[in-house]
Amino acid sequence: MTQTATVTEIDRPTRPAMINGFRRKCPKCGEGHLFDGYLKVVDECPACGQVLSHHRADDGPAYLTILFVGHLMAPLILFVFETYRPEPMVLASVFTLGTVALSLYLLPRLKGVVVAIQWARRMHGFGHSD
């Protein structure tokens, strides 16, 4: 039997990098901060020196945030409406606040995951020497 794992998968495992990205930490070391502010990715990790300016997250994190929040909130609002029958303004207010809060929570974390996947898969310039 031949080994199917490539050097890339051994050298840069995707799952730990994604966990580090979700924690908003460097995908390589898991120590340094990934962001300078809310969504601006640092040019290089302050802990290990990994260059992170190659990332191309673009609209991916926003689409993922919409996907997750929409798939969570849509059945929840239907359940709450059918079960408790709250006043329309109460329902709209509570779910608007919940949707905004969840979106603001998930957006930087999902951007960290996208950057980590790009780093682990050596995409967009991350394949060069560390």
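The values are calculated or read from the model by the stated rules, or taken from the named source; none is laboratory data. Note that the coordinates shown come from a computational prediction; the quantities given were computed from them, not determined experimentally. Every residue, glycine as well, gets a Cβ built from its backbone with ideal geometry; the counts of neighbours run over all protein chains shown.
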query: Residues in segment 46-60 that are under 15 Å from the mean Cα position of the chain (by Cα) and of a type outside the set (A, V, I, L, M): how many?
result: 5
statement: When residue 113 is run through (1) crowded, with 17+ Cβ neighbours inside 10 Å; (2) not in a helix (DSSP H, G or I), the failure sits at (2)
- request: Give 73, 89 a once-over and let me know the one that is hydrophobic (A, V, I, L, M, F, W, C) and touching a Ser or Thr at 6+ places or on another chain (Cβ under 8 Å).
  value: 73
task: Output the number of residues of segment 39-90 satisfying the condition of being within 21 Å of residue 25 (Cβ to Cβ), among the hydroxyl-bearing types (Ser, Thr, Tyr) and surrounded by fewer than 12 Cβ atoms within 10 Å (Cβ to Cβ).
output: 1
- request: Collect the residues in segment 26-60 that are in contact with a strand residue (DSSP E or B) (Cβ under 9 Å, 6 or more places away or on another chain), within 19 Å of residue 123 (Cβ to Cβ), among the charged types (D, E, K, R) and in a loop (DSSP other than H, G, I, E, B), keeping them in residue-number order.
  value: 43
query: So residue 42 clears everything in (1) touching a residue at least 12 places away in the same chain (Cβ under 8 Å); (2) under 22 Å from residue 13 (Cα atoms); (3) among the aliphatic types (A, V, I, L, M) except one condition, right? Which one?
result: (1)
- prompt: Out of 21, 70, which single residue is closer than 16 Å to residue 116 by Cβ, modelled with pLDDT of 95 or more, in a helix (DSSP H, G or I) and not polar (S, T, N, Q)?
  reply: 21
- prompt: If we keep just the residues of segment 80-130 that are of a type in the set (Phe, Trp, Tyr) and within 27 Å of the chain's Cα centre (by Cα), which is nearest to residue 11 (Cα to Cα)?
  reply: 119
- prompt: Just a yes or no: is a residue in segment 7-17 modelled with pLDDT of 95 or more and over 23 Å from residue 127 (Cβ atoms)?
  reply: no
